[in-house]
1. If THR165 satisfies every condition in (1) of a type in the set (S, T, N, Q); (2) modelled with pLDDT under 85; (3) touching a Phe, Trp or Tyr at 6+ places or on another chain (Cβ under 6 Å) but one, which is the exception?
2. Looking at the range 45-80 only, could you name the residues that are in contact (Cβ under 8 Å) with a residue 24 or more places away in the chain and touching a strand residue (DSSP E or B) at 6+ places or on another chain (Cβ under 7 Å)?
3. For the subset of the range 31-42 comprising residues that are surrounded by fewer than 14 Cβ atoms within 10 Å (Cβ to Cβ) and among the hydrophobic types (A, V, I, L, M, F, W, C), which member is farthest from ALA128 (Cα to Cα)?
4. Mind counting the residues in the range 11-50 that are within 19 Å of VAL82 (Cβ to Cβ) and not in a helix (DSSP H, G or I)?
5. State all residues of the range 77-117 that are part of a loop (DSSP other than H, G, I, E, B) and surrounded by 19 or more Cβ atoms within 10 Å (Cβ to Cβ); if no residue qualifies, say none.
6. Suppose we keep only residues that are among the aromatic types (Phe, Trp, Tyr) and modelled with pLDDT of 85 or more within the range 118-162. Which one would you say is surrounded by the fewest Cβ atoms within 10 Å (Cβ to Cβ)?
7. When the range 50-61 is examined, which residues are found to be farther than 10 Å from GLN120 by Cβ and of a type in the set (Ser, Thr, Tyr)?
Amino acid sequence: MTADTIVRSSHRDPDHISLAEPTIGLCFVVGLATLFNFYLQHVGFWRSAADPQSFTPLLAPSFARFLPWLNTYWLWAFGLCVAHLALRRWTPVTRLLDLALDLFGAAICFAMFRDAPFLQVPVATTAARWALAVVGVACLLGALDQFGRLLRGLQRRLQAGDIATSA
């Protein structure tokens, strides 16, 4: 075993995907899609545990107009998680799809932020708007990170001679 082999084996492959990340992602996607599509009326809180009539729904009926967009996002996220499980590594196509999914997620968050209130509880609207802003910015940062990784991967492939260059 040469020193070069030891050094290369100690560096983590930037394109490797563990089983945990897409598995957890699938659980979240399925859970959120199920909750918001089939149990939307049960999202809320009880003011009194002893009185079932004290249940207050958290989401207003206007939230339903975002469901087609959220369902589209969850469908693509589900597909990307399945691709990650099957491939177990990032490819330029999966990185590009993840970048697009992050941008789409940010657009949904900012649309929901702009069109609030979609909550029945006015006090929670401010907190929800802040949460949407944070998630939207996180999606944008994720897209920026994925763009950088896409460029670095392209650069690695060019240096390794994997991509034919024309003069």
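The values are calculated or read from the model by the stated rules, or taken from the named source; none is laboratory data. What you see is a predicted model, and the numbers here were worked out from it, not measured in a lab. Here Cβ is always computed from backbone atoms with ideal geometry, including for glycine, and neighbour counts include all displayed protein chains.
1. Unmet condition: (3).
2. THR56, PRO57, LEU58, LEU59, ALA60
3. Among those residues, the one meeting the criterion is PHE38.
4. 5
5. Once the filter is applied, which keeps residues that are part of a loop (DSSP other than H, G, I, E, B) and surrounded by 19 or more Cβ atoms within 10 Å (Cβ to Cβ), the range 77-117 yields only TRP90.
6. Per the stated criteria, the residue is TRP130.
7. Within the range 50-61, SER54 is the sole residue that qualifies.
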